[in-house]
1. Restricting the search to segment 160-176, which residues are buried (at least 23 other Cβ atoms within 10 Å of the Cβ) and either touching a residue at least 60 places away in the same chain (Cβ under 8 Å) or touching a Ser or Thr at 6+ places or on another chain (Cβ under 6 Å) (or both)?
2. I'd like to know if segment 226-239 contains one or more residues that are part of a helix (DSSP H, G or I), under 17 Å from Tyr284 (Cβ atoms) and either at pLDDT below 95 or out of contact with any helix residue (DSSP H, G or I) (no Cβ under 8 Å at 6 or more places or on another chain) (or both).
3. When the residues of segment 126-151 are narrowed to those that are touching a helix residue (DSSP H, G or I) at 6+ places or on another chain (Cβ under 7 Å) and among the hydrophobic types (A, V, I, L, M, F, W, C), which ends up surrounded by the fewest Cβ atoms within 10 Å (Cβ to Cβ)?
4. Quickly run through segment 153-166 and pick out the residues that are over 26 Å from Gln130 (Cα atoms) and touching a Phe, Trp or Tyr at 6+ places or on another chain (Cβ under 8 Å).
5. Taking only segment 194-231 into account, find how many residues are closer than 27 Å to Asn89 by Cα and not hydroxyl-bearing (Ser, Thr, Tyr).
6. Within segment 6-33, can you find the residues that are hydrophobic (A, V, I, L, M, F, W, C) and modelled with pLDDT under 85?
7. Residue by residue through segment 315-347, note down the ones that are more than 13 Å from Ala32 (Cβ to Cβ), under 26 Å from the mean Cα position of the chain (by Cα) and in a loop (DSSP other than H, G, I, E, B).
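The values are calculated or read from the model by the stated rules, or taken from the named source; none is laboratory data. Since the model is a prediction, treat every value here as computed from it, not as a measurement. In this analysis, Cβ positions are derived from the backbone assuming ideal geometry, glycine residues included, and neighbour counts consider all displayed protein chains.
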Amino acid sequence: MLNDTSGLILRKTFFLDILRGLAALYVLIGHARWLLWEGYTEGYKLHPAEYGLFDTIQVYVLNLFAFGHQAVMLFFVLSGFVIQYSSYNQAVKSGTFSIRVYLIKRIRRIYPPFLFALLLTFVLDTIGKQSGYTIYSGTTNFVILNKSIFSDLSTQTLFGNIGMLQTLVTPVWGSNGPLWSLMYEWWFYLLYIPVFFINKRNPLVTAYLIGILFIASLFLSVEHYRWATVANYFFIWYLGVIAADWYMGRIGNQKTKTALVIYLLLVFITASYLVGFAHMTDYYTAAFFIVLIYVSIQSYRYLEGFRMLQPLSDFSYTLYVTHMPVLVLLSGWLQHRFSGALPMHLAYVYSGIFICLLIAWLCHFIVEVPFIKRSKH
């Protein structure tokens, strides 16, 4: 049985930590590009001749960071992999799976940075609103900002977010849009508890059942059954669990593995038929990330150079939950300064990225490090 503390295992899987850090950085860059620059469609495309060669190159490079939502799928599959890998091995070593210990670990991991993010969002959004920044009232000169940025600071929304019900019952807290994914992550943690006991007995049957649950959830109208989205995305999260089981040698022989792959392909084909390929991009993206995880583990010897990015991974969660309200406030200030416009040059984008990295790095020593030391995955 694989040992969770094995030096070889840690060397093989270290890049998964790096991937998490890179995903958080990717989301940050995408949001900074969106909020602190005039944009491609509403800016560059209208007057490309005003951009020099170097600026034009930067524009197209930054366009590659427009898929932040898809990057969240990497968080989901990585989470499923890590939770299954650590929980199963811990259960094997201790002889039991303690629900109490598991929940305490998850609470310590997710809530301290999350609660800090709620406080930070309240402070920054309040400053922005009192300063009269139009981004908080949806009255900017940018249509996409008006449709995407909201700031609900009501008591009901606060408690809805604390209870991890954002997007299900209440909006996300303030301007901190990325908090939508925390709701899913939390309910994945809870759903994992009963699933773990089934998985422990037969990981293959569990994978088949999760696939059936996913297909069944597609028949529910999301407008009438918001909870169906949790079941939808739980399938993505569980792909990470399957990857961990595969890695730990729990799937079986080659024949069994082939059968599982064929089954998953049939699930994807069936789902694509039911909802259309265009609505399956998150799931195919997740499948790609599963392959990426597998390749990174197999090629770990060639990825040692990425260890220099470990510090980024260490505060990636704090970065993810704190960067948005900072960028929204900066965007509001820029629009106020430039009479409703956003700058053509990209210096503010890089400045915003640096500010968010610095804030998250400093804060993670208070809201993340102490709790991780007490509660390892």
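1. Trp173, Gly174, Ser175, Asn176
2. Taking every residue of segment 226-239 in turn, at least one turns out to be part of a helix (DSSP H, G or I), under 17 Å from Tyr284 (Cβ atoms) and either at pLDDT below 95 or out of contact with any helix residue (DSSP H, G or I) (no Cβ under 8 Å at 6 or more places or on another chain) (or both).
3. Ile127
4. Met164
5. So the count comes out to 21.
6. Leu8, Ile9, Leu10
7. Passing the criteria: only Phe315.
Each row is one residue, and each column tells you yes or no for (1) assigned to a helix (DSSP H, G or I); (2) among the basic types (Lys, Arg); (3) over 22 Å from Gly174 (Cα atoms); (4) at pLDDT 95 or above.
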| position | (1), (2), (3), (4) |
| --- | --- |
| Leu64 | yes, no, yes, yes |
| Phe75 | yes, no, yes, yes |
| Val92 | yes, no, yes, no |
| Tyr111 | yes, no, no, yes |
